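Participant: Below you'll find the structure I mean.
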Amino acid sequence: MERSNVIVDMTLSFALDIIAFTDQLNENKKFVIGQQLLKSGTAIGANVKEAQNCESKADFIHKLKIAAKEADETEYWLILCQHAKDYPFDKVLFDKLKEIQKIINKIIYTSKQRIT
């Protein structure tokens with residue numbers, strides 16, 4: 001039986017939430033930001049998942065840094081939704097992202113400490 005991995009589970013759940021939110025954006029004809037948000041928001045989990053099968057500690061950190069960058073981009077698109085006129089915004093989704101960012105950054109920091 002496969003052991004549960006909190007960050008993998010969180011980013012998968014977040015990606016599903018992003019899919020639902022971007023559907024809402026598309027329904028409101030907000031296609032450009034919806035597409036950008038769909039790409040970056042689902043890429044977080046894809047990179048976290050890819051990091052689980054890394055070739056080295058450095059590769060693991062690299063993949064998580066990519067996930068962190070995707071999370072930052074996702075944050076940007078969500079902030080645009082928050083402040084743009086006539087765009088939906090989901091505070092719960094934003095809060096989940098902030099928690100994911102904290103965990104990814106902590107994993108990166110801890111992993112770097114173990115290298116040196």
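Participant: In the range 48-82, what count of residues is obtained for those that are over 22 Å from S111 (Cβ atoms) and surrounded by fewer than 16 Cβ atoms within 10 Å (Cβ to Cβ)?
Facilitator: 4
Participant: Please find, among K85, K102, the residue that is surrounded by fewer than 13 Cβ atoms within 10 Å (Cβ to Cβ) and outside any helix (DSSP H, G or I).
Facilitator: From the options K85, K102, the qualifying one is K85.
Participant: Also, quick follow-up: Just a yes or no: is a residue in the range 34-47 free of Cβ contacts under 8 Å to residues at least 60 places away in the same chain, closer than 13 Å to T11 by Cα and surrounded by fewer than 19 Cβ atoms within 10 Å (Cβ to Cβ)?
Facilitator: yes
Participant: Select from the range 1-33 the residues that are of a type in the set (S, T, Y) and loosely packed, with under 13 Cβ neighbours inside 10 Å and list them in ascending order.
Facilitator: Listed by number, the list holds a single entry, S4.
Participant: Now a separate question. For the range 55-71, what are the residues that are within 15 Å of K112 (Cα to Cα) and not in a helix (DSSP H, G or I)?
Facilitator: Result: S56, single match.
Participant: When you scan the range 1-43, how many residues do you find that are charged (D, E, K, R) and over 12 Å from the mean Cα position of the chain (by Cα)?
Facilitator: The number of residues fulfilling the criteria is 6.
Participant: Is there a residue being modelled with pLDDT of 95 or more and under 10 Å from the mean Cα position of the chain (by Cα) anywhere in the range 74-93?
Facilitator: yes
Participant: Follow-up question, since we're still on this one. Looking at K106, K98, K102, can you tell me which residue is within 15 Å of the chain's Cα centre (by Cα) and closer than 18 Å to T42 by Cβ?
Facilitator: None of the other options fit; the residue is K98.
Participant: Another question about this same structure. Mind checking which pairs have a first residue in the range 49-77 that is among the polar types (S, T, N, Q) and a second that is part of a helix (DSSP H, G or I), Cβ under 8 Å, 6 or more apart or different chains?
Facilitator: Q52/V8; T74/I18; T74/L37; T74/S40; T74/G41; T74/I44; T74/L97
Participant: Further question: Do you know which of the residues in the range 3-35 that are in a helix (DSSP H, G or I) and hydroxyl-bearing (S, T, Y) is farthest from T74 (Cα to Cα)?
Facilitator: If we take residues in the range 3-35 being in a helix (DSSP H, G or I) and hydroxyl-bearing (S, T, Y), then S13 is farthest from T74 (Cα to Cα).
The values are calculated or read from the model by the stated rules, or taken from the named source; none is laboratory data. This structure is a prediction, so every number in the text was calculated from the model and none was measured. Cβ coordinates were reconstructed from backbone atoms using ideal geometry, including for glycine residues, and neighbour counts include every protein chain displayed.
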